[in-house]
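Have a look at the structure below, then the notes.
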Amino acid sequence: MKTITQIIAAALLIITGNTAAFAVDNAATLGPVKQIKAGVLNVGYAEAGPANGQAVILLHGWPYDIHSYSAVAAQLAAKGYHVIVPYLRGYGSTRFLSAQTKRNGQQSVFAADIIALMDALKIQQAIIGGFDWGARTADIIAALWPERTKALVSVSGYLIGSQQANQAPLTPKAEQAWWYQFYFATERGQAGYKANTCAFNKLIWQTASPDWHFSDSTFAESAASFDNPDHVAIVIHNYRWRLGLTTGEKQYDALEKRLAQGPVINVPTVTLEGDANGAPHPDPAAYAAKFKGKYVHHTITGGVGHNLPAEAPEAFTAAIIEAGHLAE
């Protein structure tokens, strides 16, 4: 059996580019999707690994889904971790329990959903990892519910924002990178996204990961999750809420007030960035001070883009293992 020192050493070799130290299963598939009532949702999720293993919750972003973690989940399960990969609201088989519930996409609601899922699954504490919307959600959980977060892995670092902060204009080049946010602010954009969801999202995949030559079948596997009755509503509300063009729900006002203050994160954290991320993202130096606990950052080289868990699963897996050891 390998010692902890050997495991960490192997993980660091992976992160710095030596994949020979790790058995990679890029062809892995997730197991059958399960359903559980949690909060206002009936959540669809994939589960892998022994039930008594260290819990790991992996969160996807837009426009992706749980299949970004197929290889990561298999690798972690093989090492004895208990892995949960849920569909966020508006994706896959996750459904609202009531037709009357607001189709809300504000940032805090996703974190509240995951806390409700943890309660439903009787998971008191987990290592939480994510990218894109999933990284923001993981950051929020670590900031507001540190007692539920053993450790954090966040692609692109600290992504907690606020409507107030988003009122400040960016440079023209930075604004251009957010073109889809402004498109979604219009009724034309909402109609266009509804009419062309898959084509739109495939374009985002291509521009966010310019060096990732994914297959049509890989995209189709995730694209099935966009065929959710609430998908368009959640996506449009998310981006309009960011700009203050629509309101959230009052029961989340207190959470958003705390998030608007830019809370620091004290749980042990590993942040990751791909060297070819074509989506808007902060420079690692800009957010390092937000992580006050044990903290490590890795930039993953080799043309790795925005969907880092799918493009570099061995590096993401290693980061989860490393974050767990930081917490020990």
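No lab work stands behind these numbers, since they all come straight from the coordinates. These numbers come from a predicted model, not from an experiment. Counting neighbours? That spans all protein chains shown, and the Cβs are built from the backbone with ideal geometry, glycine included.
Using Cα springs under 10 Å in a Gaussian network model of the chain, which residue among Leu76, Leu245, Leu41 shows the largest mean-square fluctuation?
Per the Cα network of the chain with a 10 Å cutoff, Leu245 tops the list.
Rounded, prolate or oblate: which one fits segment 236-313, using the alpha carbon gyration tensor with axes a ≥ b ≥ c (rounded when a/c is under 1.5, else prolate when a/b beats b/c, else oblate)? Working shown, then result.
On the way: a/c = 2.67, a/b = 1.45, b/c = 1.84.
It is oblate, given that a/c is not under 1.5 and a/b is not larger than b/c.
Can you tell me how segment 30-119 classifies by the Cα gyration tensor, rounded, prolate or oblate, using a/c under 1.5 as the rounded cut? All intermediate terms of the calculation are to be shown ahead of the outcome.
Working: a/c = 2.12, a/b = 1.81, b/c = 1.17.
Here segment 30-119 falls in the prolate category.
Below 15 angstrom from the Cβ of Val264, what's the summed charge of the other residues (Lys, Arg +1; Asp, Glu -1)?
Working: positive: Arg258, Lys290, Lys292, Lys294; negative: Asp139.
Residues near Val264 contribute +3 overall.
Sort the following peptides by mean Cβ neighbour count (other Cβ atoms within 10 Å, averaged over residues), highest first: 173-184, 144-155.
Top to bottom by mean Cβ count within 10 Å: 144-155, 173-184.
What is the local net charge at Tyr91, summed over the other residues whose Cβ is closer than 10 Å to its Cβ (Lys, Arg +1; Asp, Glu -1)?
So the surrounding residues net to -2.
Might you report the magnitude of the Cβ-based charge dipole of segment 249-298 about its Cα centre, with Lys and Arg at +1 and Asp and Glu at -1, to the nearest 20 debye?
Using only the charged Cβ atoms, the result is roughly 320 debye.
Hey, got a sec? Which chymotrypsin sites (Phe, Trp or Tyr not before Pro) in segment 69-167 land in a DSSP loop and have at most 11 other Cβ atoms within 10 Å?
Numbers: sites: Tyr69, Tyr81, Tyr87, Tyr91, Phe96, Phe110, Phe131, Trp133, Tyr158; in loops: Tyr81, Tyr87, Tyr91, Phe131, Tyr158.
Passing sites in segment 69-167 do not exist.
Could you give the length gained by full extension between Gln35 and Glu328, i.e. 0.36 nm per residue of separation minus their alpha carbon distance, to one decimal place? Write down the numbers at each step before the final one.
Values: separation 293, 0.36 × 293 = 105.48 nm, distance 3.21 nm.
Computed gain between Gln35 and Glu328 is 102.3 nm.
Rank Leu97, Leu88, Leu159 by mean-square fluctuation in a GNM of the chain with C-alpha springs under 10 angstrom and give only the top-ranked residue.
Looking only at Leu97, Leu88, Leu159, the biggest GNM fluctuation is shown by Leu97.
Around Ser225, with a cut-off of 13 angstrom between Cβ atoms, what is the net charge of the other residues, counting Lys and Arg +1 and Asp and Glu -1?
So the environment of Ser225 carries a net charge of -2.
Once you have a ≥ b ≥ c as the square roots of the Cα gyration tensor eigenvalues for the chain, tell me rounded if a/c is under 1.5, and otherwise prolate or oblate according to whether a/b is larger than b/c.
rounded
Using just the helices of the chain, give the 222 nm mean residue ellipticity in deg cm²/dmol: DSSP H runs with n ≥ 4 each add -39,500 (n - 2.57), and the total is spread over all residues, rounded to 500. Intermediate values should be presented prior to the final figure.
Working: 14 runs with 130 residues, N = 328.
Using -39500 (n - 2.57) per qualifying helix, the result is -11500 deg cm²/dmol.
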